[in-house]
Amino acid sequence: PEHGYYMTQSPFGSQGDFTTAPEISQVFGELIGAWLMHSWEEIGAPTSFNLIELGPGRGTLMRDILRTARIRPEFIRAAHIQLVEMSPVLRQAQQELAQHSTAEISWVREIAEIPPAPSLIVGNEFLDCLPIRQFVRTTRKQDPCWRERLVGVETLNEKERLKFALADDYCETPVGAPNNAKPEDIFEVCEATLKVVQQIAQLLHAHQGRALLIDYGHAQSGFGDTLQALQNHQYCAPLDKPGFADVTAHVDFERLACTARQAGLAISGPIPQAIFLGRLGLAARAQALVTRLSRGDVKRLETGIRRLVHPEEMGTLFKAICLSSKGLPPPAGFTD
Ligand code: SAH
């Protein structure tokens with residue numbers, strides 16, 4: 001609550017620790033804005049609905065969405081913008097959004113606080129920063145078993161520092177772990193993500209709606225240590241700079257989808273970000289922009305788009321998944 005990274009830092013951009021898709025190119029938010037307006041029509045164009053963003057960062061994605069939505073004033077008139085944000089520093093930055101829209105904006109700490117109504121939810125790089133637990137496959141009297149990996153303190157040259165260590169106790173096989181674990185394999189569990197999915201399900205059961213979640217991670221549950229830390233765009237060891245580096249882990253989309261399905265939602269994806277943005281009309285939008293831009297800006301646009309879709313950049317590792325209320329048509333971008 002006091003020294004956590006998001007409680008004190010403003011992490012984005014070239015001055016910060018990392019960059020995200022909406023910060024890379026306006027086209028990202030514009031396509032998502034179009035997707036949201038389309039989804040709004042699919043849920044019957046309600047005259048009052050929640051437009052929810054999970055972890056809006058500097059507010060760039062929502063700003064691009066609102067700018068795009070000017071072509072449908074009824075959409076903006078109907079929207080109650082709900083920003084799920086716990087960082088006081090970033091809430092401050094998001095206040096600026098009020099200048100870009102007449103829509104009413106509220107801030108909440110979690111989805112459960114949002115009043116039931118038709119809801120369209122979007123979250124980019126939100127789930128990767130939620131806390132994970134790691135379990136390590138070990139053996140006990142030659143039988144396979146699991147122990148949790150914990151953080152402890154070690155003293156070295158009279159200085160204390162954080163260190164990973166295994167719990168003394170053995171535990172059950174973590175739920176969701178594939179059954180072919182080898183000794184030393186690590187399985188990660190993000191209970192906070194599963195809670196977010198449950199809360200989304202509650203909202204989308206009461207009234208129709210969809211949630212579009214974009215993040216980096218794996219389509220199938222698997223083993224591996226994906227915990228990583230970034231400071232000034234450089235990787236560092238996750239325990240080296242507590243509170244000063246952005247610590248994240250890959251999203252387990254299979255587990256997410258399975259939890260959502262059990263909670264009664266319809267699942268589309270996950271599909272690679274490049275395919276999703278391509279189907280939403282990335283090339284056409286880029287072409288339309290090019291005719292209006294200076295040569296320097298065209299270069300910047302091209303570089304940005306390459307970062308969003310190239311397989312060695314964000315195109316494949318980043319994925320989109322859509323959770324919907326039952327009975328809606330397949331969401332745009334998830335089928336050919
Ligand atoms: N979506 C933005 C920012 C991603 S960074 C973008 O694409 O640029 C993650 C965001 O989630 C930040 O706004 C951070 O403050 C917020 N966040 C992190 N943990 C959170 C939590 N537990 N509850 C609510 N917001 C959280």
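The values are calculated or read from the model by the stated rules, or taken from the named source; none is laboratory data. Here the structure is a predicted model, which means the values were calculated and not measured. Using ideal geometry, Cβ is built from the backbone for each residue, glycine included, and neighbour counts are taken over all protein chains shown. Remember, those area values only see protein heavy atoms, side chains included, never the ligands or the DNA or RNA. Shrake-Rupley method; radii C 1.70, N 1.55, O 1.52, S 1.80 Å.
What does the helix-only formula give at 222 nm for the chain: each DSSP H stretch with n ≥ 4 adding -39500 (n - 2.57), the total divided by the residues, and the result rounded to the nearest 500 deg cm²/dmol?
Working: 11 runs with 104 residues, N = 336.
That calculation yields -9000 deg cm²/dmol at 222 nm.
Rounded to a whole number, what % of the accessible area of the chain do carbon and sulfur atoms account for, probe 1.4 Å?
Answer for the chain: carbon and sulfur cover 51 percent of the accessible area.
Would you compute the Debye intensity of the chain from its alpha-carbon atoms alone, equal scatterers and no solvent, and pass along log10 I(q)/I(0) at q = 0.08, 0.11, 0.15 Å⁻¹ to two decimals?
Here log10 of I(q) over I(0) equals -0.40, -0.76, -1.35.
Please list, in chain and number order, the residues 5+ apart from Q82 or on another chain whose amide H is under 5 Å from its amide H, with Hs placed from the backbone.
It is L51, I52, E53, S106, by chain and number.
If you scale each eigenvalue of the Cα gyration tensor by 5 and take the root, what three semi-axes come out for segment 1-47, rounded to whole angstrom and sorted largest first?
On the way: eigenvalues 209, 55, 6 Å².
Listed largest to smallest, the semi-axes of segment 1-47 are 32, 17, 5 Å.
Compute the Cα gyration tensor for segment 207-336, then decide on rounded, prolate or oblate, letting a ≥ b ≥ c be the square roots of its eigenvalues: rounded whenever a/c is under 1.5, prolate when a/b is larger than b/c in the other cases, and oblate in all that remain.
Oblate is the answer for segment 207-336, as a/c is 1.5 or above yet b/c matches or exceeds a/b.
Using a basic spin-label model with each label point 7 Å from the Cα along Cα→Cβ, how many nm lie between A192 and D240?
2.2
Just how many % of Cα pairs in segment 213-258 lie over 16 Å apart, if you round to the nearest whole percent?
Above the 16 Å cut-off, segment 213-258 has 45 percent of its Cα pairs.
Based on the Cα gyration tensor of segment 102-228, what are the three equivalent ellipsoid semi-axes, each the root of five times an eigenvalue, rounded to whole Å and given largest first?
36, 20, 12
Normalised by the residues of segment 2-79, what does the relative contact order come to in percent, with Cα pairs under 8 Å and at least six apart?
33
How far, in nm, would the chain grow between N179 and K326 when pulled straight, counting 0.36 nm per residue and subtracting the alpha carbon separation?
49.8 nm
Where a Cα-Cα gap under 30 Å defines reach, which lysines qualify for K326, not counting those fewer than 8 residues away within the same chain?
K195
Distance between the C-alpha centers of segment 19-79 and segment 124-180? Whole Å please.
39
With a cut-off of at most 11 other beta carbons within 10 Å, and DSSP calling the residue loop, which trypsin sites (Lys or Arg not before Pro) in segment 132-203 qualify? Please list them.
On the way: sites: R133, R137, R140, K141, R147, R149, K159, R161, K163, K195; in loops: K141.
Qualifying residues, ordered by number: K141.
If you average the sequence gap of Cα pairs under 8 Å that are 6 or more apart and divide by the length of the chain, what percent do you get for the contact order?
Answer for the chain is 19 percent.
Provide the net charge surrounding E188, with neighbours chosen by a C-beta distance below 15 Å and charges set as Lys +1, Arg +1, Asp -1, Glu -1.
For residues surrounding E188, the net value is -4.
With every protein chain left in place, what is the accessible area per residue of the chain in square angstrom, probe 1.4 Å?
50
Rounded to whole Å and ordered largest first, report the semi-axes of the equivalent ellipsoid of segment 1-157 derived from its Cα gyration tensor (root of 5λ).
37, 20, 15
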